[in-house]
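*Asks:* One structure follows; several queries about it will come next.
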Amino acid sequence: MLPRCLERVLVPVLLLVCAFSVAAQPMQLSVSVPGPGAASYLPVALISKIGADRAEGAEVKVHYVSGGGAAAHEMLSNNTEFAVFGLSAAMTSRLKDPRIVALAAINDLPLYVLLVRSGLQGKVKTVADLKGRVIGVHSYSITTKTNSHIVMELLLRNAGVAPDSVRFVSVGQRWSSEAAMLADGTADAIMGDEPHASRMIADKVAFQLVHLGDPKISAGIPGGAFLRGALFGRQDRIEQDSKKAETMVRIIRRTLEWIARHTPEEVIDMAGIEDPAERKYMLETMRKYPRQYSHDGKFSTRQLHDTEIFFRKSQADNPAAQGLKVESMIMDRWAGRKD
């Protein structure tokens with residue numbers, strides 16, 4: 001046994017060391033997101049690389065999944081605390097599970113591209129020509145629709161084509177899987193996004209039919225300026241302990257602000273993209289579309305309004321969707337609001 005005088009000195013010191021050790025442990029946060037390699041969700045991949053989580057006393061672990069539906073499932077099933085995917089897809093999920101709430105904006109500009117396999121050049125000239133064909137979306141489920149699926153259905157409706165007159169298949173969200181399914185004819189067209197779309201066009205795997213990054217095209221689509229991606233959490237968890245949600249929003253905002261202050265080259269260097277082709281097309285996309293990412297994570301009231309219009313038009317045959325207000329799922333207490 002220690003002498004009583006030494007014990008009186010050492011015990012407080014040991015307690016202080018233990019307390020410091022516990023306090024020094026970073027807050028553990030987890031987020032599910034489609035990828036890896038999807039340009040839309042590059043900010044999530046940058047979090048740990050630029051130390052945005054460490055700056056907030058946290059450690060973010062990223063769980064990559066096949067698409068937005070899978071990201072939502074991971075979060076709602078308690079496998080991750082947060083998720084990043086399309087707001088329109090989250091609205092579909094909200095119809096079944098009211099716990100899902102949006103915490104911060106991530107994508108400012110939707111860069112969806114409708115690609116058609118090269119073998120159909122001259123045969124498919126308009127969206128209406130896709131009737132009866134196989135169309136790939138990032139992930140396909142009868143019960144859960146991803147953003148790419150919702151966008152495709154709206155384009156079909158606008159062209160006078162019933163969505164059930166085509167067959168949807170899942171193509172994932174990687175360049176390799178998308179290109180392979182177009183090249184071997186498994187899919188006649190896919191609703192993809194940048195930078196994979198530009199790469200497939202350059203490789204003559206596919207040709208472009210519609211690009212939502214073109215203001216003239218998006219202006220002709222109801223709610224075409226919709227908010228693409230956002231950070232989501234579970235309302236019940238946040239009500240029990242809001243500290244993690246507040247910290248995660250600060251991390252996302254810190255990352256977006258970092259991207260806004262740096263050149264595309266600096267962003268790509270920090271992301272560690274070494275594959276020459278992937279780097280080339282990612283750089284081209286960032287240079288061509290500087291509005292791709294939100295600069296501050298704030299929700300735009302005008303953009304949310306467009307998102308609601310877009311969602312309802314794409315779900316014209318769903319009465320429940322017509323009554324869903326996007327504002328009911330926006331929790332902007334930490335990200336803030338603009339216009």
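The values are calculated or read from the model by the stated rules, or taken from the named source; none is laboratory data. Quick caveat: nothing in here was measured; it's all calculated off a predicted structure. So basically every Cβ, Gly included, is an ideal-geometry build from the backbone, and we count neighbours across all protein chains shown.
*Asks:* Taking the stated definitions as given, is Ala230 assigned by TED's automatic domain parsing to the domain that holds Gly35, of a type in the set (A, V, I, L, M, F, W, C) and outside any helix (DSSP H, G or I)?
*Replies:* Yes: the conditions hold for Ala230.
*Asks:* Just to confirm my filter: which strands (runs of 3 or more DSSP E) fall fully inside the stretch 107-197 and include at least 1 residues that are more than 24 Å from Gly224 (Cβ to Cβ)?
*Replies:* 112-117, 134-137, 167-170
*Asks:* Additional query: Take the residues of the stretch 246-282 that are in contact with an Asp or Glu (Cβ under 7 Å, 6 or more places away or on another chain) and not charged (D, E, K, R): which is nearest to Glu81 (Cα to Cα)?
*Replies:* Taking the candidates together, the pick is Thr247.
*Asks:* Conditions: (1) touching a residue at least 24 places away in the same chain (Cβ under 8 Å); (2) among the β-branched types (Val, Ile, Thr); (3) not assigned by TED's automatic domain parsing to the domain that holds Phe311. Ile259 meets all but one. Number of the miss?
*Replies:* Ile259 satisfies all of (1) touching a residue at least 24 places away in the same chain (Cβ under 8 Å); (2) among the β-branched types (Val, Ile, Thr); (3) not assigned by TED's automatic domain parsing to the domain that holds Phe311 except (3).
*Asks:* Pull out all pairs, ordered by first then second residue, where Cβ-Cβ is under 6 Å, the residues are six or more apart or on different chains, the first lies in the stretch 144-172 and is over 22 Å from His196 (Cβ atoms), and the second is surrounded by fewer than 18 Cβ atoms within 10 Å (Cβ to Cβ).
*Replies:* Close Cβ pairs satisfying both conditions: Ala159/Ala128; Val161/Ala128; Val161/Lys131; Ser165/Lys131.
*Asks:* Residues being aliphatic (A, V, I, L, M) and under 15 Å from Leu109 (Cβ atoms): count how many of those fall in the stretch 258-281.
*Replies:* Residues in the stretch 258-281 being aliphatic (A, V, I, L, M) and under 15 Å from Leu109 (Cβ atoms): 2 in total.
*Asks:* Taking the conditions exactly as written (in contact with a strand residue (DSSP E or B) (Cβ under 6 Å, 6 or more places away or on another chain) and either among the β-branched types (Val, Ile, Thr) or at positive phi (or both)), does Val169 satisfy them or not? Reasoning before the result, please.
*Replies:* Numbers: in contact with a strand residue (DSSP E or B) (Cβ under 6 Å, 6 or more places away or on another chain): yes; either among the β-branched types (Val, Ile, Thr) or at positive phi (or both): yes.
So Val169 passes the test.
*Asks:* Would you pick out the residues in the stretch 31-58 that are in a strand (DSSP E or B) and out of contact with any helix residue (DSSP H, G or I) (no Cβ under 9 Å at 6 or more places or on another chain)?
*Replies:* Those that are in a strand (DSSP E or B) and out of contact with any helix residue (DSSP H, G or I) (no Cβ under 9 Å at 6 or more places or on another chain): none in the stretch 31-58.
*Asks:* Determine, yes or no, whether Glu278 is surrounded by fewer than 19 Cβ atoms within 10 Å (Cβ to Cβ), in contact with a Phe, Trp or Tyr (Cβ under 8 Å, 6 or more places away or on another chain) and farther than 25 Å from Leu103 by Cβ. Even if it seems obvious, please write down each step before you answer.
*Replies:* Numbers: surrounded by fewer than 19 Cβ atoms within 10 Å (Cβ to Cβ): yes; in contact with a Phe, Trp or Tyr (Cβ under 8 Å, 6 or more places away or on another chain): yes; farther than 25 Å from Leu103 by Cβ: yes.
Yes, satisfied.
*Asks:* Out of the stretch 289-304, which residues are within 12 Å of Phe226 (Cβ to Cβ) and surrounded by 17 or more Cβ atoms within 10 Å (Cβ to Cβ)?
*Replies:* Selection gives Ser300, Gln303, Leu304.
*Asks:* Determine whether Thr285 is within 26 Å of Leu182 (Cα to Cα), of a type outside the set (D, E, K, R), under 17 Å from the mean Cα position of the chain (by Cα) and not in a strand (DSSP E or B).
*Replies:* Yes.
*Asks:* Next up: Which of the residues belonging to the stretch 233-243 are part of a helix (DSSP H, G or I) and in contact (Cβ under 8 Å) with a residue 60 or more places away in the chain?
*Replies:* Quick first cut of the stretch 233-243, residues part of a helix (DSSP H, G or I) only: 235-240, 243.
Matches in the stretch 233-243: Gln235, Asp236, Arg237, Ile238, Lys243.
*Asks:* Can you find, within the stretch 189-205, the residue that is nearest to Pro276 (Cα to Cα) among those that are among the charged types (D, E, K, R) and surrounded by fewer than 23 Cβ atoms within 10 Å (Cβ to Cβ)? Even if it seems obvious, please write down each step before you answer.
*Replies:* Quick first cut of the stretch 189-205, residues among the charged types (D, E, K, R) only: 193-194, 199, 203-204.
Right, trim to surrounded by fewer than 23 Cβ atoms within 10 Å (Cβ to Cβ) and you get 199, 203-204.
Working: Arg199: 12, Asp203: 14, Lys204: 18 Å.
Result: Arg199.
*Asks:* Right, something else. Mind listing whichever residues of the stretch 80-96 are over 12 Å from Gly233 (Cα atoms) and out of contact with any helix residue (DSSP H, G or I) (no Cβ under 6 Å at 6 or more places or on another chain)?
*Replies:* Result: Thr92, Lys96.
*Asks:* Just a yes or no: is a residue in the stretch 206-222 crowded, with 24+ Cβ neighbours inside 10 Å and small (Gly, Ala, Ser)?
*Replies:* yes
*Asks:* Of the residues that make up the stretch 139-152, is at least one within 17 Å of Val124 (Cα to Cα), in contact with a helix residue (DSSP H, G or I) (Cβ under 7 Å, 6 or more places away or on another chain) and crowded, with 22+ Cβ neighbours inside 10 Å?
*Replies:* Checked against the condition, which is being within 17 Å of Val124 (Cα to Cα), in contact with a helix residue (DSSP H, G or I) (Cβ under 7 Å, 6 or more places away or on another chain) and crowded, with 22+ Cβ neighbours inside 10 Å, the stretch 139-152 yields no hits at all.
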